């Protein structure tokens, strides 16, 4: 399932069918939206009409490194440690 | 078949703000790993971004300085992809409504002017840094992540595929660098990665309109690498096509040590970035009046300055282009000329000895040990005839190490030009007496023999004799 | 009334008048918690010591004759998706099993400044995804009115604690009804403020354009007072409103005369429970009798709200939850390379509903489907918002049921789509961004609470609170407590 890989989730082969069926059912329910005429309707991204909310370019205190790393599953020399990364972004 | 290269650049420039784009952490380069981080840039659960006003100002200025249209309504979007240097696994960037669009800059290559189109400029956050523990990325068992750079503000400047050669691409990137320096929004220190380019290269038969398949090279951070990588890629693609092969659309990496581009591990599926509007950041709305105010606040830009140097000082287009290619150099030039020094001489010295010395010692022009004022004074000494152009080179070399005024150096080192005809006459007589062969040759019609004699006189005077006087005296005496 | 069942304002007055010590107040709730928690399961983490210490400080202040604030020394529960510095914040997910935030949510900073007494972290549906609290990775919370039933969700732990007497008040979060529906199921008051009224900084995001923090309390007075403490613009939340925050207690007046109350026909549709419908209609009639003008209105796009919501919320959730990858915090399940580490971690540590919504969201956002699903849903959201804007041109308040049924049985709602459809009366309010409150308006024959939802104009919590208060004061539902005790 492509959407599982986009989600970085693994769906076991045994579950694929039931998952698919369930998602299909939900998605097909969503299809009632196709009956709504939205040809002249703009999308709403923000609940409230706000604009231009900015912060001044003034430094604030950072976390101590100890605190920054306090939830790290693995660390090394003040770095967060992960297994090898094969693909460059 | 003749092929034509089609090149487009995506330039990422770090903006010189005090703090990151979405949080108050400092942006200072070179801090100890994971010390410029906070809940926001670490992407901890529950955090929200807040936009640094400076970033928007800088991006708008960059847009205006590159002849872009500023979008009155602009917004941020999430660009989703998984990578450990990206704590949220999305990059906050701009998708369909970037801050600036549809601009251009002018470049000059081999005396020809050309317009390079800008598709867009958008704001985004930089990612963190991966440090690989093994000897290279492929054989290291683990990687370490430093999030100091995460959230440092970037603008991405996307060009149209308007360039046709490595030289054009270089001129374009130099122009972008100059503009960003002029408007003072980026330090443009390429060695620190605050100006870097992703290059797209494709080939097509000359006359063909349709674009060929392109390859991409990411994170090129020197002009040399830019030219070398493009030239290599043009050659490589030409060979592939001439052998009847097909170009594979892929990302390649430039290996400067071997001077080749290499295919990176091919991706299983093309990225599906699933862009969506960033719901945590309200849109940015800029009125026409604000845009005009920003436009008025811009300093003189490289092209205007170049034109001014040409008309005001009579510099050649070539010289004026080089002088204005960096704001610091142009300012240095102004400093030299301000002393009353001849502009053409000033340009020659800046592009010649000064640049050579700066490059050799890896010093930025604004940190030059020879200040603009001093160079101006030295040029003044040449103009007054106190020193010769040749001696000036010696004086300049001394000035590189010695902060004294050139006048003092000339005096202390006894480098004042000998203009006293009597003194020079003595040396001329001596040289004539010692070089009878050359004198004979001259008298027998080999007029070029005078050159050797002039050289001898200059040598004997340790270069201090006024060369014009030497020439005149020699000619007069030999005719006697 | 038993001490642990009293309202915050009632206790506050008694502490100020020295009728009672804050320590007794805290001890009462702690021992009630110990007594009920085994059956109710409202908490993921209990911090009795912290609550008792805060109460002690309050008593010291009282002894010194210093003034105290509304919440001082009175223990409350915080939903476990609100970051508490130094105290585990799991979102009821295995993926954050050991996550200790190094920072406080803005609401926690505000509560701390108000010297609140922190009693513990309340259970919830994992990452606030659900309407029953059955999606918690740790425990099922039971409804104090009938322990075989769900407390609602996703703020089920918060509502159950307030109903059970194991917290005097609580904070919840509401993305599609997650404060109002559990309040309705548990017979308490739940207020979802206008989107932007309360800072979301530190609220672990489910759907950023819909999430909002609000109080769950025993009456409207407590809700108004707590909103006073937590509301206001926050520079850490760019979407928080810069509008001045009024004193909400000024809205607590027993008068609805002249107010126009809209009754949308789409909210009394087929499939709704008969007893619920009757209670809500009676409540609306009561408001009419009190002098409000009741108007029949239509919110024509209501039937599309579930579809729009279950595309928009999962799409935002899919990206919001991308950060849980085992790299820099949270649980990690190792893998030979980074891709498998991320996949292993997410596959093992996310619950079923969370995975389902992530996949729906990524489907809706993916290349080729974006326009048909996500963008379409955003456009339909505009229409739903316009429905409310149009309605509020002629009415001041919209009154509806909070949920189509009272609390259902644990395990009863097995089909995800069926569960989603339960949210029909609450999600439009989040899509529109407007404020809404659920106040108790009756009980079924089997003694299950029913909630009346009152919806107001954007940033007009004042009118919402005023109508809710007037209704509440005219009825005695507010004096009922779960388990028949009082």
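Rule-based calculations on the coordinates, nothing more; no lab input. Only a predicted model underlies this, so the values are computations on that prediction, with no experimental measurement involved. Note that we place each Cβ from the backbone using ideal geometry, even for glycine, and neighbour counts take in every protein chain shown.
Brief remarks follow.
- Counting beta carbons within 10 Å around each of B:378, C:290 and listing the fewest first gives the order C:290, B:378.
- Computed over segment B:8-153, the quotient of the alpha carbon radius of gyration and 2.2 N^0.38 Å is 1.20.
- Over segment B:172-318, the hull volume per residue, using the convex hull of the C-alpha atoms, is 238 Å³.
- Cα convex hull of chain B, projected area averaged across orientations, nm²: 31.5 nm²
- Each eigenvalue of the Cα gyration tensor of segment B:145-203, multiplied by 5 and square-rooted, gives one semi-axis; in descending order these are 24, 15, 10 Å.
- Counting Cβ atoms of other protein chains within 10 Å of each Cβ in C:101-114 and taking the mean gives 2.
- Residue order for B:3, B:172, fewest other beta carbons within 10 angstrom first, comes to B:3, B:172.
- Alpha-carbon Debye profile of the protein assembly as shown, log10 I(q)/I(0) at 0.09 Å⁻¹: -1.02
- Across segment B:3-290, counting alpha-carbon atoms alone, Rg and Dmax equal 19.3, 57 Å.
- Square roots of 5 times each gyration tensor eigenvalue, C-alpha, segment B:421-479, largest first, Å: 18, 11, 10
- In the protein assembly as shown, the DSSP-assigned H stretches of four residues or longer account for a calculated mean residue ellipticity at 222 nm of -11500 deg cm²/dmol, using -39500 (n - 2.57) per stretch and the full residue count as denominator.
- Per the Kirkwood formula applied to alpha carbons, chain A shows a radius of gyration over Rh ratio, Rg over Rh, of 1.15.
- For segment C:363-416: span of alpha carbons on each principal axis (Å, largest first): 42, 40, 9
- The Cα-based radius of gyration of segment C:128-258, divided by its Kirkwood radius, gives an Rg/Rh of 0.99.
- The angle between the Cα long axis of helix B:389-401 and the main principal axis of chain B comes to about 50°, on a 0 to 90 degree scale.
- Relative exposure of B:213, C:444, judged by other C-beta atoms within 10 Å (fewest first): B:213, C:444
- Long-range tail of P(r) for segment C:27-95 (Cα pairs > 15 Å, %): 62 percent
- Cα extents of segment B:300-412 along the three principal axes, largest first (Å): 43, 31, 19
- Cβ crowding within 10 Å averaged over residues, with C:160-171, C:228-239, C:80-91, B:22-33 ranked highest first: C:160-171, C:80-91, C:228-239, B:22-33
- Semi-axis lengths, Å, segment C:147-196, gyration tensor of Cα atoms, sqrt of 5 times eigenvalues: 18, 12, 8
- Inter-chain shielding of B:73-79 (mean C-beta neighbours from other protein chains, 10 Å cut-off): 2
- Relative to its residue count, segment B:214-276 spans a Cα convex hull of 109 Å³ per residue.
- Here the Debye sum runs over all C-alpha atoms of segment C:51-151 as equal scatterers in vacuum, and log10 of I(q)/I(0) at q = 0.12 Å⁻¹ comes out as -0.49.
- The Kirkwood hydrodynamic radius of segment B:104-244, based on inverse pair distances between different Cα atoms, is 17.2 Å.
- Kirkwood radius and radius of gyration were both taken over the C-alpha atoms of segment C:186-328, and their ratio Rg/Rh is 1.02.
- Viscosity 0.890 mPa s, temperature 25 °C, Stokes-Einstein D of chain C from Kirkwood C-alpha radius, µm²/s: 111 µm²/s
- All Cα-Cα separations within segment C:265-365 were binned at 10 Å from zero, giving a P(r) of 13, 26, 20, 15, 16, 8, 2, each value a whole percent of the pairs.
- Ranked by the mean number of other Cβ atoms within 10 Å of their residues, highest first, the peptides B:403-414, B:114-125 fall in the order B:114-125, B:403-414.
- Segment B:350-412 - Debye-derived log10 I(q)/I(0), Cα point model, q = 0.19 Å⁻¹: -0.64
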